[in-house]
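S.K.: Please find one structure pasted underneath; my questions will follow.
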Amino acid sequence: MQVGLRDLSEPLIDHSEGQLFLSETFKIIVEEVLCKGTDVTQKVCDWKEPEELAWLLDLELRATGEPQHKLLERVKDVAKYSIKTSHPRFFNQLYGGVDYHSLAGRFLTEALNTNLFTYEVAPVFVLMENEVLRGLRQLVGWTEGDGIFCPGGSTSNMFAMNLARYQLFPEVKSRGLWGLPRLTVFTSSESHYSVKKGAAYLGIGTDNVIVVKVDDGGRMIPKDLDEKIMLAKSQGTVPFLVSCTAGTTVQGAFDPLDHIADVCEKHKLWMHVDAAWGGSVLFSKQHRHLMKGVDRANSVGWNPHKMLVAGLQCSALLLQDTTNLLRRCHSASASYLFQQDKFYDVNLDVGDKSVQCSRKVDCLKLWLMWKAVGSAGLEERVDKAFIHVRYLVEEMKKREGFQLLHEPEFVNVCFWFTPPSMRGNEKHADYQERLAKVAPVIKERMMKQGTMMVGYQPLGNKVNFFRVIAFSPLLSKKDMDFFLDEIERLGNDL
């Protein structure tokens, strides 16, 4: 009994030891991630095979704890062997780079460990999230509306689908799918896969996602959309949602939103715009025309963690709705959280707008970055990305072996690289089969040497091609030149 009392007299965690560990960890983060990880003389990745990597990291969890110096070695190893996504030559994904104000916001968010569901536990962030969402809605063109930060663009797309269904059939919330007609969703063949995932998750079914044709640039064809909606109606289904894309994942295409809005208004369908990738062009006076008509949408998903470099994750769902649809659709009114007799305005308890209970603070990183550089600074980042892409494309056209799929509409540059041994053999029967093998081999070489990272993929009947994403604020023309030189160096002997 005395042992138990003695144990209760002191906290389990030693603050001084813990704070020292945290201080040393921050030193490693600054040195390994923010200094080496953004230095073009350092590797983007230090590739290891899974078995070796597991051994190097000493992943086994044991019954007894390990000394601090050993833990700091593990921290350093985690930093060393992780992909340096802030590196200027990380061209692999639709995120990357680093903004130090945003990063400071991410550190603060983690330290505060706030759950953003009620005003009583998250007063600062309830007000901040509302203000950031208001600012984003204004860029869309809405003076009023609603919204919420979601755990990724896929969730934003699923929320939009759920809201559209609830608005049409509110009884689905209590009665479920029983008695509902067959519902159909419409999206382009190059939209994000989360549209089909959302249909599966919500019980609509992937067979009821109707794929609309795209033009050569990957943009949805409104005439085909209209025809497919009429066909679906004639077959007895109930169309309820069109999911457009502003900045497709592979080609960076922008669906013609104004024309699609005409079709949606004609058939009285919910129009959702997945602008997870392309939404940030709204900051740019020069490029916001790509999203002409977005203000006519019912909902917009936008990921500032992508082009704006706000850091993972930062994903907003924006709504034109002013009828509290988000709360009505998702609320469960838990009485232990959302008491209606609180001493403050209970409308500030935003947690019932989400299907989550625990919800991280994702607004601080964007708010702090926006405050630091202003809308003008974010506009400059968007415009600079387009300038880098124009330079890259112009230089690519000067070199043999590089073939664009098409002129880029956005900051996705899609191309094939043909090694010297294959040039002039385009009419050979096995040319496409051989070309398909080039990108995977070059990708393997660059990963194992750690010089840079860029993605590749097939698309429809097009064999593997590279997709380079150029938007990081750390980029320079030297990085664009290096990229082309490195593709040639890694592939010229194939």
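S.K.: Within region 233-240, is there a residue that is of a type outside the set (Ser, Thr, Tyr), buried (at least 22 other Cβ atoms within 10 Å of the Cβ) and free of Cβ contacts under 8 Å to residues at least 60 places away in the same chain?
M.R.: yes
S.K.: Okay, moving on. Could you check region 321-336 and list, in sequence order, the residues that are polar (S, T, N, Q) and loosely packed, with under 12 Cβ neighbours inside 10 Å?
M.R.: Residues satisfying the conditions are THR322, THR323, SER333, SER335.
S.K.: GLN356 - would you say it is out of contact with any Ser or Thr (no Cβ under 6 Å at 6 or more places or on another chain), assigned by the TED database to the domain that holds LYS285 and surrounded by fewer than 21 Cβ atoms within 10 Å (Cβ to Cβ)?
M.R.: Taking the combined requirement at face value, the residue satisfies it.
S.K.: Kindly indicate the residue of region 27-71 that is basic (Lys, Arg) and assigned to a helix (DSSP H, G or I) and also nearest to GLY450 (Cα to Cα) among those meeting that condition.
M.R.: Looking at residues that are basic (Lys, Arg) and assigned to a helix (DSSP H, G or I), I get LYS36.
S.K.: So, one more: Could you tell me which residue of region 437-489 is most open to solvent (accessible area, probe 1.4 Å), considering only residues that are under 18 Å from MET396 (Cα atoms) and either in a loop (DSSP other than H, G, I, E, B) or not assigned by the TED database to the domain that holds GLU407 (or both)?
M.R.: Selected residue: SER476.
S.K.: Next question, about the same structure. For the condition outside the structural domain of HIS406 (by the TED database), open to solvent by less than 60 Å² (accessible area, probe 1.4 Å), out of contact with any Gly (no Cβ under 7 Å at 6 or more places or on another chain) and not in a helix (DSSP H, G or I), what is the one hit in GLY198, GLY218?
M.R.: Step by step, each of GLY198, GLY218 is checked, and only GLY218 is outside the structural domain of HIS406 (by the TED database), open to solvent by less than 60 Å² (accessible area, probe 1.4 Å), out of contact with any Gly (no Cβ under 7 Å at 6 or more places or on another chain) and not in a helix (DSSP H, G or I).
S.K.: On to the next question. Go through (1) out of contact with any Gly (no Cβ under 6 Å at 6 or more places or on another chain); (2) open to solvent by less than 40 Å² (accessible area, probe 1.4 Å); (3) more than 30 Å from ALA310 (Cβ to Cβ) for HIS428 and report which single condition fails.
M.R.: Only one criterion is unmet by HIS428, namely (2).
S.K.: Right, another one. Only one of (1) part of a loop (DSSP other than H, G, I, E, B); (2) on the phi > 0 side of the Ramachandran plot fails for GLY147. Which number is that?
M.R.: (1)
S.K.: Can you work out which of the residues in region 40-85 that are surrounded by 11 or more Cβ atoms within 10 Å (Cβ to Cβ) and small (Gly, Ala, Ser) is farthest from LYS478 (Cα to Cα)?
M.R.: The residue in question is ALA54.
S.K.: Residues of region 87-129 being farther than 28 Å from TRP277 by Cβ, surrounded by 15 or more Cβ atoms within 10 Å (Cβ to Cβ) and either of a type in the set (Gly, Ala, Ser) or touching a strand residue (DSSP E or B) at 6+ places or on another chain (Cβ under 7 Å) (or both), which ones?
M.R.: ALA122
S.K.: Any idea which of (1) within 27 Å of SER476 (Cβ to Cβ); (2) assigned to a helix (DSSP H, G or I); (3) more than 24 Å from the chain's Cα centre (by Cα); (4) free of Cβ contacts under 8 Å to residues at least 24 places away in the same chain is the one TYR391 doesn't satisfy?
M.R.: Among (1) within 27 Å of SER476 (Cβ to Cβ); (2) assigned to a helix (DSSP H, G or I); (3) more than 24 Å from the chain's Cα centre (by Cα); (4) free of Cβ contacts under 8 Å to residues at least 24 places away in the same chain, TYR391 violates only (4).
The values are calculated or read from the model by the stated rules, or taken from the named source; none is laboratory data. Owing to the predicted nature of the structure, the values given are computational and were not obtained by experimental measurement. Positions of Cβ are backbone-derived with ideal geometry, glycine not excepted, and every protein chain shown enters the neighbour counts. These accessible areas exclude ligands, DNA and RNA; they are computed on the full protein's heavy atoms, side chains included. Shrake-Rupley method; radii C 1.70, N 1.55, O 1.52, S 1.80 Å.
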